[in-house]
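Participant: Sharing a structure here in structure tokens format.
The values are calculated or read from the model by the stated rules, or taken from the named source; none is laboratory data. Just so you know, these numbers come straight off a predicted model, no measurement behind them. Note that we place each Cβ from the backbone using ideal geometry, even for glycine, and neighbour counts take in every protein chain shown. The protein model used for the area step is the full one, side chains on, heavy atoms only, and it has no ligands, DNA or RNA in it. Shrake-Rupley method; radii C 1.70, N 1.55, O 1.52, S 1.80 Å.
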Amino acid sequence: MSGISGISDKSGTGLAQRTSSALALARSFLFVPANRPERYAKALASGAGAVVIDLEDAVSVEGKDAARQQLADGFERLTAEERLRVVVRINACGTRWHEEDLRLLKQLSRLELAGVVLPKAESTAGISQLAASAGQVCAVLPMLESAAGLAALDLLAGSPQVLRLVFGNLDFQADLGMACDADEVELQPVRLALVLASRRACLVAPVDGVTPGTGDMAQVQADAGRSRRGGFGAKLCIHPAQVAIVHLALGPTTAELDWARRVADNSRDTGGGVFTLDGRMVDAPVLLLARQTLAQHEAAKQGVT
């Protein structure tokens, strides 16, 4: 197949900064199947910070070609503002659908596709090939789903156009033959590795994996709370009902904002030196945490998260 019909040839309009900002601020990434274009706008209206249109796991083997055409048609119907929050998960390198997915990306990039999730990312070569197809405006989000990907994590994080790392927690378990309980305590070292690699590469905080139970909102809340405590800045969602819970869990609470404001106020009053607040010493690292909390809140107010 030489291309997808219906995609226009209009060039990009220089929205790279706004695109990166929208995806960098997003706290939730909501999946929607590529072969359900009638759900694209609904997903974008759910309050999700970003929407992941999925050509991989959500689409059957027999439906891959049709899903590409449906994505091409459906994406063109989205507004420019909506496209700032859309990423596409393509099929992994080495699969028989990958090359056709890359051809589609070249066409979608002319309509300013915001980003691409590369599943089972294991090499910089795959990311470089993807970046070349997607264009300079398009952010790359490599997905860690295997032992090989974990071994290459720092290289992946340092690759061109990578904005955030993403954890594919279920596929990672399958790759290693693990059988974790709902709390996934066995995956804590892997999650920490993602956060550390992101920090070393000066990336936006990574995106945590899914909570598979669509009806268990208590588990979603617990998982999102773990994500925040562990240094993640966002979480994958598989149902719109998960979005609001994820946003609340990943954002600062009212009490935390009040504390951060009081720390900032007292710091100004004391000239930036060490002081005591609520019986606790406040020095430079604590002041930095307070400032980060306030900055996160202000950034969230400026865009959808």
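Participant: If you take the residues in region 196-213 that are of a type outside the set (Gly, Ala, Ser), more than 13 Å from the chain's Cα centre (by Cα) and under 22 Å from residue 161 (Cα atoms), which one is surrounded by the fewest Cβ atoms within 10 Å (Cβ to Cβ)?
Facilitator: 202
Participant: How many residues does region 14-50 hold that are modelled with pLDDT of 95 or more and of a type in the set (Ser, Thr, Tyr)?
Facilitator: Count: 3.
Participant: May I ask you to say which residue of 110, 83, 77, 68 is farther than 20 Å from residue 25 by Cβ, open to solvent by less than 50 Å² (accessible area, probe 1.4 Å) and basic (Lys, Arg)?
Facilitator: Selected residue: 68, the only one of 110, 83, 77, 68 that is farther than 20 Å from residue 25 by Cβ, open to solvent by less than 50 Å² (accessible area, probe 1.4 Å) and basic (Lys, Arg).
Participant: Take residue 145 and decide whether it is among the charged types (D, E, K, R) and open to solvent by 10 Å² or more (accessible area, probe 1.4 Å).
Facilitator: Here the answer is no, as residue 145 does not meet what is asked.
Participant: Could you count how many residues in region 84-112 are within 16 Å of the chain's Cα centre (by Cα) and modelled with pLDDT of 95 or more?
Facilitator: Number of matching residues: 6.
Participant: Could you look through region 151-172, keep only residues that are open to solvent by 20 Å² or more (accessible area, probe 1.4 Å) and part of a helix (DSSP H, G or I), and pick out the one that is nearest to residue 204 (Cα to Cα)?
Facilitator: Result: 154.
Participant: Now for a separate question. List every residue pair whose Cβ atoms sit under 8 Å apart, with the two residues 6 or more apart in sequence or on different chains, where the first one lies in region 65-79 and is over 15 Å from residue 51 (Cα atoms) and the second, anywhere, is among the acidic types (Asp, Glu).
Facilitator: Hits for this filter: 65/100; 68/100; 68/101.
Participant: Then there's this: Within region 177-222, track down each residue that is part of a helix (DSSP H, G or I), charged (D, E, K, R) and touching a strand residue (DSSP E or B) at 6+ places or on another chain (Cβ under 7 Å).
Facilitator: Residue satisfying the conditions is 191 alone.
Participant: Right, here's the next one. Somewhere in region 94-105, is a residue open to solvent by 10 Å² or more (accessible area, probe 1.4 Å) and of a type in the set (Lys, Arg)?
Facilitator: Looking for residues that are open to solvent by 10 Å² or more (accessible area, probe 1.4 Å) and of a type in the set (Lys, Arg), one finds at least one in region 94-105, hence yes.
Participant: List, please: which pairs have Cβ atoms under 6 Å, are six or more places apart or on different chains, and start with a residue in region 120-132 that is farther than 18 Å from residue 100 by Cβ and end with one that is of a type in the set (Gly, Ala, Ser)?
Facilitator: Short answer, once both residue conditions are applied: 121/149; 122/148; 122/149; 122/152; 124/159; 127/159.
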